[in-house]
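This report concerns only the one structure given below.
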Amino acid sequence: MNILRRTVLKGASASGVLAAALTAGLLKPTQVLAMEWNKAAFEAKDTPAAMKAVGAASTAESKDLKLNAPDIAENGAVVPVDVTSNIPNTISIAVFIDKNPYPLSAAFNFANGAMADVALRLKMGQTSIVRAVAKTSDGKYFTASKEVKVTAGGCGG
């Protein structure tokens, strides 16, 4: 038997099953499968408002939250930032850039037992404080920050 014919028949039957499921309403391609996002936090214009929208109105400095970023970024369009939380029961990490038009740059949620470690390439318009905030399962927030000097802006500069 011809292999190409067999492959085409399998593909056609799979397409038929998929079409039948869509028609019957079993699959809803318009349904969003991603988690709800925090629109208020991502649209906040200053860091305190963004942190409040995330729930981190009060934070404590922690040496167990490691923020690695360059002292000087030659290109503000691509600034490498790594955040690692060694704080037990970390469930989320958010990264803020104080002088960006929208300070909340990224937010990550972690499942139970997942290693809280993220690597990012962020855009910075000018020299600013980069701030990482980690949330633990008991609702406590911890922070680490570092100033990154930008020589060529990435936000249109």
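The values are calculated or read from the model by the stated rules, or taken from the named source; none is laboratory data. Quick caveat, the model's predicted, so the values are computed rather than measured. Here Cβ is always computed from backbone atoms with ideal geometry, including for glycine, and neighbour counts include all displayed protein chains.
Looking only at segment 103-119, residues that are crowded, with 16+ Cβ neighbours inside 10 Å and in contact (Cβ under 8 Å) with a residue 40 or more places away in the chain come to 3 in all. Only a single criterion out of (1) β-branched (Val, Ile, Thr); (2) modelled with pLDDT of 90 or more; (3) farther than 20 Å from ALA44 by Cβ is not satisfied by VAL83, namely (3). Assigned to a loop (DSSP other than H, G, I, E, B), modelled with pLDDT under 90, surrounded by fewer than 13 Cβ atoms within 10 Å (Cβ to Cβ) and of a type outside the set (Ser, Thr, Tyr): does that describe LEU18? No. Looking only at segment 130-148, count how many residues are part of a strand (DSSP E or B), out of contact with any Lys or Arg (no Cβ under 8 Å at 6 or more places or on another chain) and polar (S, T, N, Q). Here the count works out to 1. Annotation note: of ALA41, ALA94, ALA106, ALA116, the sole residue that is within 30 Å of GLY139 (Cβ to Cβ), at pLDDT below 90, touching a strand residue (DSSP E or B) at 6+ places or on another chain (Cβ under 8 Å) and aliphatic (A, V, I, L, M) is ALA41.
Going through segment 43-96 one residue at a time, which ones are touching a helix residue (DSSP H, G or I) at 6+ places or on another chain (Cβ under 9 Å), of a type outside the set (Gly, Ala, Ser) and closer than 18 Å to ASN109 by Cβ? Matches in segment 43-96: MET51, VAL54, THR59, PHE96.
Only a single criterion out of (1) under 15 Å from the mean Cα position of the chain (by Cα); (2) within 21 Å of SER62 (Cα to Cα); (3) part of a strand (DSSP E or B); (4) not hydroxyl-bearing (Ser, Thr, Tyr) is not satisfied by MET115, namely (3). Does GLY55 satisfy the criteria of being over 12 Å from LYS135 (Cβ atoms), surrounded by 13 or more Cβ atoms within 10 Å (Cβ to Cβ), in contact (Cβ under 8 Å) with a residue 60 or more places away in the chain and not polar (S, T, N, Q)? Against the criterion (over 12 Å from LYS135 (Cβ atoms), surrounded by 13 or more Cβ atoms within 10 Å (Cβ to Cβ), in contact (Cβ under 8 Å) with a residue 60 or more places away in the chain and not polar (S, T, N, Q)), GLY55 does not qualify. Of the residues making up segment 40-68, those that are among the charged types (D, E, K, R) and assigned to a helix (DSSP H, G or I) are GLU43, LYS52.
Here are the criteria: (1) at pLDDT below 90; (2) within 30 Å of ASP138 (Cα to Cα); (3) part of a loop (DSSP other than H, G, I, E, B). Tell me which single one LYS28 does not satisfy. Going through the list (1) at pLDDT below 90; (2) within 30 Å of ASP138 (Cα to Cα); (3) part of a loop (DSSP other than H, G, I, E, B), LYS28 breaks only (2).
Taking the conditions (1) part of a strand (DSSP E or B); (2) modelled with pLDDT under 95; (3) surrounded by fewer than 17 Cβ atoms within 10 Å (Cβ to Cβ) in turn, LYS99 satisfies each one other than (1).
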